[in-house]
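Novice: Here it is, the structure, as structure tokens.
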Amino acid sequence: MSESENIDRVVSALLKVPEKKLLIIQLVNTIPIKNGELDYITLANKQLEINLAIQESKVYGAHTAQAVESLARLRAKEEDEDLGFAEPD
């Protein structure tokens, strides 16, 4: 498969990924700022939501890292094949 075909496949796959709006972004926008810092009382009151948002962000980040690693392996495999180092079947 050519590089342009691989790119088309990746783009097609990425277009199918639903938009993700992380809770942490939405949450931080609801926290008031007092004297140049986030309001600690409001933060304390929303601690459960904040912990959930942090976990969601970590999972999303881990999945993103896995996707990047998969793409890097795909590129490395293609480069090996181009150099004649294809893995035996």
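A short reminder: the numbers here are calculations on the coordinates, not readings from a lab. In this text, all values refer to a predicted model and were calculated from it rather than measured experimentally. Cβ sites come from the backbone with ideal geometry, for glycine too, and all protein chains shown count toward neighbours.
Novice: Using a cut-off of 14 Å between beta-carbons, work out the net charge of the residues near Ala67 (Lys and Arg +1, Asp and Glu -1, Ala67 not included).
Specialist: +4
Novice: Run the helix sum for the chain: -39,500 (n - 2.57) per DSSP H stretch of 4+ residues, divided by residue count, reported at 222 nm to the nearest 500 deg cm²/dmol.
Specialist: Taking each H run of at least 4 residues, the total per residue is -22500 deg cm²/dmol.
Novice: Per residue, what volume in Å³ does the convex hull of the Cα atoms of the chain enclose?
Specialist: 147 Å³
Novice: Checking the cross-link filter: which lysines have an alpha carbon closer than 17 Å to that of Lys21, excluding same-chain neighbours under 8 positions apart?
Specialist: Lys58
Novice: Further, regarding this structure: Before anything else, pin down the relative contact order of the range 20-82: Cα pairs under 8 Å, at least 6 apart, normalised by residue count, whole percent. Walk me through the numbers on the way to the answer.
Specialist: On the way: 21 pairs, mean separation 20.9, N = 63.
Computed over the range 20-82, the figure is 33 percent.
Novice: Next question, about the same structure. For every other residue with a beta carbon closer than 13 angstrom to the beta carbon of Ile31, add +1 if it is Lys or Arg and -1 if Asp or Glu, then tell me the sum.
Specialist: Summing Lys and Arg as +1 and Asp and Glu as -1 gives -1.
Novice: Does anything in the range 37-63 have its amide N under 19 Å from the 7 Å Cα→Cβ label point of Thr30, and if so which residues?
Specialist: Answer for this model: 38-58.
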